[in-house]
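A.B. asks: Could you have a look at this structure, given as structure tokens, before my questions?
Each value in this text was obtained by applying a stated rule to the coordinates, not by laboratory testing. Everything quoted here is computed from the prediction, not taken from an experiment. Don't worry about glycine lacking a Cβ; one is built from the backbone with ideal geometry, like all the others, and counts go over all protein chains shown.
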Amino acid sequence: MLVLGIESSCDETGVALVDTSGEGIPKLLSHALHSQIDMHQAYGGVVPELASRDHIRRVLPLTHEVMRRAQLSLADVDVVAYTRGPGLAGALLVGAGVAVSLAAALGRPAMGVHHLEGHLLSPFLSADPPEFPFVALLVSGGHTQLMRVERVGAYELLGESIDDAAGEAFDKSAKLMGLPYPGGPHLSKLAEQGDDKAFKLPRPLLHSGNLDFSFAGLKTAVLTQAKKLGDALESRKADLAASTQAAIVEVLVKKSLGAMRQTGLKRLVVAGGVGANARLRRELSDACRQRGIRVHYPELDLCTDNGAMIALAAGMRLQTGVEPLSAAATYNFEVRPRWPLSELQAVPA
Ligand code: KG4
Ligand code: ZN
């Protein structure tokens, strides 16, 4: 079966095509992406209305590009998948509206996909794909969660952030330091030249005894430091960046190890934008190697939002034997800007 996937939940328009025929993991045939980062940079963050309008401009040209690269035509597509949520309402509506219209025109079913399910299955497209069951550390701009993943569609939440997400902690701290949006990659680059022990920053909930996270206090501590430094901030920015990154990474690593202990599993999967962070990858891999735990990451270009993970998640659900609903039944769509993964319809074992 050929599954087209469309992602438009935030500031990236992504389209991809996977093939679910054959044994094993769906095969990624082609994917194309347009990032709106340059457009939003002037505003220091995502402007929802601009995001929606840009998705409208990009989604069909990207779809044609994906079909061209795969040397296939739209008539070959069996299912059109789209991100149903969570995300920005207007942005989601663009992808969903286009996907459902396309599906209707082709007489094929459409399928709404949970964005976080896409992220957490994305390592299956890597050169070193995981096997079920595993613990997933999902670290994106909007979410920080530890999950026990039994199989496709069976996700148990072990812990999550009670306030800011890890990506948000990176982005907000970076903004306080005057770095461009999105701050995560910029802060991480600057941190390479800094001393990670220069500033003592809090590690919130590190010893809480559960698997929840909290990053709001860290951002406040960074703000206090930045104010204290005043004019000296400019010359100490790399040190502050390195210290901030060290604090976030230490919490993520310790809590992930806690989840491995609690579940007794020996496989950890990291997903979401912050999963691209080099220090997180290095520290997690080192800590896990010492404990006989295998860690799997998505390819770097599939850590942040993309269409491939949406096509993949739809494809993997279909492979479990879930029948796509009749075409007409799937055209009556709605998006879910707030949609806890726990409310996702489970796939029968
Ligand atoms: O998964 P994603 O693309 O979007 C959401 O679903 O939220 O994640 C975006 C987040 C942003 O907060 C961004 O700053 C962060 O991932 N990010 C990074 C890095 N690359 C992206 N954070 C730290 N280090 C990086 N290298
Ligand atoms: Zn995302």
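A.B. asks: Please identify every one of the GluC sites (Glu not before Pro) in the range 148-225 that sits in a loop by DSSP and has no more than 13 other beta carbons within 10 Å of its own beta carbon.
C.D. replies: Glu192
A.B. asks: If you don't mind, there's one more thing I want to ask. Can you order the peptides 10-22, 301-313 by their average number of other Cβ atoms within 10 Å per residue, highest first?
C.D. replies: Packing proxy ranking, top to bottom: 301-313, 10-22.
A.B. asks: Shifting gears a bit: Rounded to the nearest 20 debye, what is the charge dipole size of the chain about its Cα centre when +1 sits on each Lys and Arg Cβ and -1 on each Asp and Glu Cβ?
C.D. replies: 780 debye
A.B. asks: On to the next question. Hey, if you drop one equal point scatterer on each alpha-carbon of the range 151-195 and run the Debye formula without solvent, what base-10 log of I(q)/I(0) do you get at q = 0.17, 0.26 Å⁻¹?
C.D. replies: Treating every Cα as an identical point scatterer, log10 I(q)/I(0) equals -0.59, -0.87.
A.B. asks: Setting aside same-chain residues fewer than 8 positions from Lys200, which aspartates and glutamates have a Cα under 16 Å from its Cα?
C.D. replies: Asp239, Glu250
A.B. asks: Gaussian network model of the chain, Cα springs within a sub-10 Å range: biggest mean-square fluctuation belongs to which of Phe199, Phe134, Phe170?
C.D. replies: Per the Cα network of the chain with a 10 Å cutoff, Phe199 tops the list.
A.B. asks: Rank Gly183, Ala311, Val80 by how far each Cα sits towards the positive end of the charge dipole of the chain (+1 on Lys, Arg Cβ; -1 on Asp, Glu Cβ) and give me just the farthest.
C.D. replies: Working it through, the farthest residue towards the positive pole turns out to be Gly183.
A.B. asks: Further question on the same structure: Please list 3J(HN,Hα) in residue order for the range 285-296, calculated via the Karplus relation 6.51 cos²θ - 1.76 cosθ + 1.60 where θ = phi - 60°; whole Hz, with x for glycine and proline.
C.D. replies: 4, 4, 4, 6, 4, 4, 10, x, 9, 8, 10, 10
A.B. asks: In addition: Put a dot 7 Å past each Cα toward the Cβ at Ala127 and Arg289; how far apart are the dots in nm?
C.D. replies: 1.7 nm
A.B. asks: Beyond a 23 Å Cα-Cα separation, which of these cross-linked pairs lie in this structure: Lys27/Lys255; Lys219/Lys254; Lys175/Lys227; Lys27/Lys254; Lys175/Lys255; Lys197/Lys227?
C.D. replies: Lys27/Lys255; Lys27/Lys254; Lys175/Lys255
A.B. asks: Okay, helix-only estimate at 222 nm for the chain: each DSSP H run of n ≥ 4 adds -39500 (n - 2.57), divide by all residues, round to 500 deg cm²/dmol; what do you get?
C.D. replies: One gets -13500 deg cm²/dmol as the mean residue ellipticity at 222 nm.
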